[in-house]
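Take a look at the structure set out below.
The values are calculated or read from the model by the stated rules, or taken from the named source; none is laboratory data. This one's a predicted model, so the numbers in the text were calculated from it and none came from an experiment. Virtual Cβ from ideal backbone geometry, glycine too; neighbours counted across all protein chains shown.
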Amino acid sequence: MKSIIAISMLLLAQAAYSCPEGQVCSGQVVIPDNYTRGFAEVIAINTSTDVITVKGNLSRDFHRYPMSQLALTEGCLDRICVDNKVIPDSYTKGYADVKAINYHSNRFVVKGNFSNEYHRYRSDKMAKTRGCLRGICVGDKVFPDSYSRGYAEVRAINHDSRKYVVKGNLSDKYHRYEKRELALMEACHDYSDDERHGRHRRGGRP
């Protein structure tokens, strides 16, 4: 019984101390802006100067940073969350995992599946690997207007540039297109009123 009470009190204490989203608290895991790999734990916070003391997992020493230079390893920004998979605009293949978010610079820390180091991007420079835009969704098969053979699959969507990241079945690289440049493999086209009337006149049907 005593152990149950002790566990309950610990859980209540943790809930009361839960760190608000977008803020840095003692014990949190962060990624400083100058890190290319690894992470750091917040050891202490000087509330007078807003300087935060951290200890990296690859370092024996403490280092100090202003909050604006720390990315948090939890949370979401612009509907992109930590642990989401994205495809940065500079990628021609592969993908990246979102590892942390710097809420001051509005930059995401990502690590590509072909890289050992972090890179940082704003949300408008990344495409999401799920979702839909203007009737075309990730996973849809399409025919780009420039194709003379084969087909492509939508791998991601950049909602800021409104471009679709596609990979052709005969290509090992990504290409990016606007909606007007893509034909859907599974779609229906309804005749407009003018087309209907024109067809009626030409066909002579009642």
Q) Taking segment 138-184 as the search range and keeping residues that are in a loop (DSSP other than H, G, I, E, B) and of a type in the set (D, E, K, R), which one is farthest from Ala127 (Cα to Cα)? A) Arg149
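Results for (1) of a type in the set (A, V, I, L, M); (2) in contact (Cβ under 8 Å) with a residue 12 or more places away in the chain; (3) on the phi > 0 side of the Ramachandran plot; (4) assigned to a strand (DSSP E or B), shown as yes or no for each residue.
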site	(1), (2), (3), (4)
Cys19	no, no, no, no
Ser26	no, yes, no, no
Val30	yes, yes, no, yes
Asn34	no, yes, no, no
Glu41	no, yes, no, yes
Ser48	no, no, no, no
Thr53	no, no, no, yes
Q. Just wondering, is there one or more residues in segment 123-135 that are more than 25 Å from Glu21 (Cα to Cα), among the hydrophobic types (A, V, I, L, M, F, W, C), over 12 Å from the mean Cα position of the chain (by Cα) and outside any strand (DSSP E or B)?
A. no
Q | Filtered residue count, segment 114-144, keeping only those that are under 23 Å from Phe39 (Cβ atoms), buried (at least 17 other Cβ atoms within 10 Å of the Cβ) and small (Gly, Ala, Ser) | A | 1
Q) Any idea which of (1) assigned by TED's automatic domain parsing to the domain that holds Ile31; (2) touching a helix residue (DSSP H, G or I) at 6+ places or on another chain (Cβ under 8 Å) is the one Asp160 doesn't satisfy? A) (1)
Q. Does Asp83 meet the test of being of a type in the set (Asp, Glu) and under 23 Å from Lys179 (Cα atoms)?
A. no
Q. Taking segment 49-76, which residues are among the β-branched types (Val, Ile, Thr), farther than 20 Å from Asp97 by Cα and surrounded by 15 or more Cβ atoms within 10 Å (Cβ to Cβ)?
A. Ile52, Thr53, Val54
Q) When you scan segment 58-83, how many residues do you find that are part of a loop (DSSP other than H, G, I, E, B), at pLDDT 95 or above and over 25 Å from the mean Cα position of the chain (by Cα)? A) 1
Q: Please specify each residue of segment 125-162 satisfying the condition of being within 22 Å of Cys76 (Cβ to Cβ) and of a type in the set (Lys, Arg).
A: Lys125, Lys128, Arg130, Arg155, Arg162
Q | Selected residue [touching a residue at least 40 places away in the same chain (Cβ under 8 Å), of a type in the set (Phe, Trp, Tyr) and farther than 24 Å from Gly38 by Cβ] from Tyr174, Tyr147, Tyr91 | A | Tyr174
Q | Leading residue by the ranking (nearest to Thr92 (Cα to Cα)) among those in segment 171-206 that are surrounded by fewer than 10 Cβ atoms within 10 Å (Cβ to Cβ) and at pLDDT 70 or above | A | Lys173
Q: Mind telling me which of the residues Val86, Val29, Val42 ends up being within 13 Å of the chain's Cα centre (by Cα), modelled with pLDDT of 95 or more and not assigned by TED's automatic domain parsing to the domain that holds Ala152?
A: Val86
Q: Please go through segment 96-113 and pick out each residue that is touching a Phe, Trp or Tyr at 6+ places or on another chain (Cβ under 9 Å) and assigned to a loop (DSSP other than H, G, I, E, B).
A: Asn113
